[in-house]
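Structure, as structure tokens:
The values are calculated or read from the model by the stated rules, or taken from the named source; none is laboratory data. Given the structure is predicted, the values throughout are model-derived calculations rather than measurements. Ideal geometry is used to build each Cβ from the backbone, glycine not excepted, and the neighbour counts take in all protein chains shown.
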Amino acid sequence: MPGLYLEEFYVGQQFTTEPVVLSESEIIAFAEKYDPQPLHTDKAAAEKSIYGGLIASGFQTIAIAAGQWLRTGQQEGTGLGGPGLRKIRWLAPVRPGDVLHTTVEVADTRVSRSKPDRGILQFAYTVRNDTEIVATFTAIIFLKRRPDEED
Amino acid sequence: MYFDDLPKGYTFETESRTLSQDDIIEFAQLYDPQTFHTDPGAAKTGPYGGLIASGLQTIAVAFGQFIRLGHIVESSLGGPAADDVEYSAPVRPDAELNTTVEVLEVRPSKSKPDRGVLRVQFNMAAGDTIVVRFVSTFFLLRRPAA
């Protein structure tokens, strides 16, 4: 199994994803389904706004980051979902053609008290467009322990 | 509706929405490629006993339901933050999802008198079960002078 178990992560460990270019059609497609505000779906309206053009839904930005992290394969087969997210901050607009990459840092790791076969990690995500930070958030993730580590 | 129209405690109720198995798989293939979101066969023997929606998709659905009410189309200046996102219960294909949005706090902007800050609680339910909760903060314009 290619993914890391709980024990192989440590606080302060950092990973950087491959970059992804966000297209205008992807921005519109996501927003039409999930965030149908003119800033995200209507180029003409967006151009008249304070943003001067189409911008991505913040929910798409964080979803892209989450997908980029999963594609690193670091929790492939060992991830068990998670109870939620904390501290989502949208810091700068994301526009068509922006090149996004994400840094994931391990902020906390502990064994689950109720389920000894797994642990709970906190990953702090920083999403950048080139060098500019566009969004940050923390995800809480359940992760399998190495089988021989169980009590 | 504008900042001035929304006191603490005001609650919006959205229209229902469902996510089909195809909706769930399509989103997850792009943004959350874990087998319990993308592969119904594998998901059956996985940790959730069947395919479930990505948590990221469910919060986006909830937010979209609120936007579709159309109440803040003219007044919204975007949201800088969301917090306390809780995936309280799994969201399965074809569950009927209903969302309430309750105003927790209203604060006029000190630096820009034409707007204020709203903090709201999203609660999405499938039947009687709360499935997703989160808090969202955004800026709203005040009602323009007549």
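Some points to look at:
- Residue list for segment A:26-45, restricted to those being buried (at least 18 other Cβ atoms within 10 Å of the Cβ), of a type in the set (A, V, I, L, M, F, W, C) and facing chain B (nearest Cβ under 10 Å): A:PHE30, A:ALA31, A:LEU39
- Subset of segment B:129-146 that is aliphatic (A, V, I, L, M) and assigned to a loop (DSSP other than H, G, I, E, B) - its residue that is modelled with the highest pLDDT: B:ALA145
- Hits in segment B:66-86 (condition: under 14 Å from the mean Cα position of the chain (by Cα) and of a type in the set (D, E, K, R)): B:ARG68, B:ASP83, B:ASP84, B:GLU86
- Test for A:ILE140: is it hydrophobic (A, V, I, L, M, F, W, C) and closer than 21 Å to A:GLY58 by Cα: yes
- Count of residues meeting criterion [of a type in the set (Lys, Arg) and surrounded by 15 or more Cβ atoms within 10 Å (Cβ to Cβ)] in segment B:87-118: 2
- Qualifying residues in segment A:16-25 (those that are of a type in the set (A, V, I, L, M) and surrounded by 15 or more Cβ atoms within 10 Å (Cβ to Cβ)) - the one nearest to A:GLY73 (Cα to Cα): A:VAL20
- The strands (runs of 3 or more DSSP E) found wholly in segment B:10-128 and carrying at least 2 residues that are more than 14 Å from every other protein chain (Cβ to nearest Cβ) occupy B:11-13, B:96-108, B:115-126.
Matching residues to (1) farther than 20 Å from A:ILE133 by Cα; (2) surrounded by fewer than 20 Cβ atoms within 10 Å (Cβ to Cβ); (3) in contact with a Cys (Cβ under 6 Å, 6 or more places away or on another chain):
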| residue | (1), (2), (3) |
| --- | --- |
| A:GLN14 | no, yes, no |
| A:ALA56 | no, no, no |
| A:GLN75 | yes, no, no |
| A:LEU85 | no, no, no |
| A:TRP90 | no, no, no |
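- Each residue in segment A:61-102 was checked for being under 14 Å from the mean Cα position of the chain (by Cα) and facing chain B (nearest Cβ under 8 Å), and 16 pass.
- Index of the failed condition, A:ARG146 passing every other in (1) modelled with pLDDT under 95; (2) more than 9 Å from every other protein chain (Cβ to nearest Cβ); (3) within 21 Å of B:GLN34 (Cβ to Cβ); (4) out of contact with any helix residue (DSSP H, G or I) (no Cβ under 6 Å at 6 or more places or on another chain): (4)
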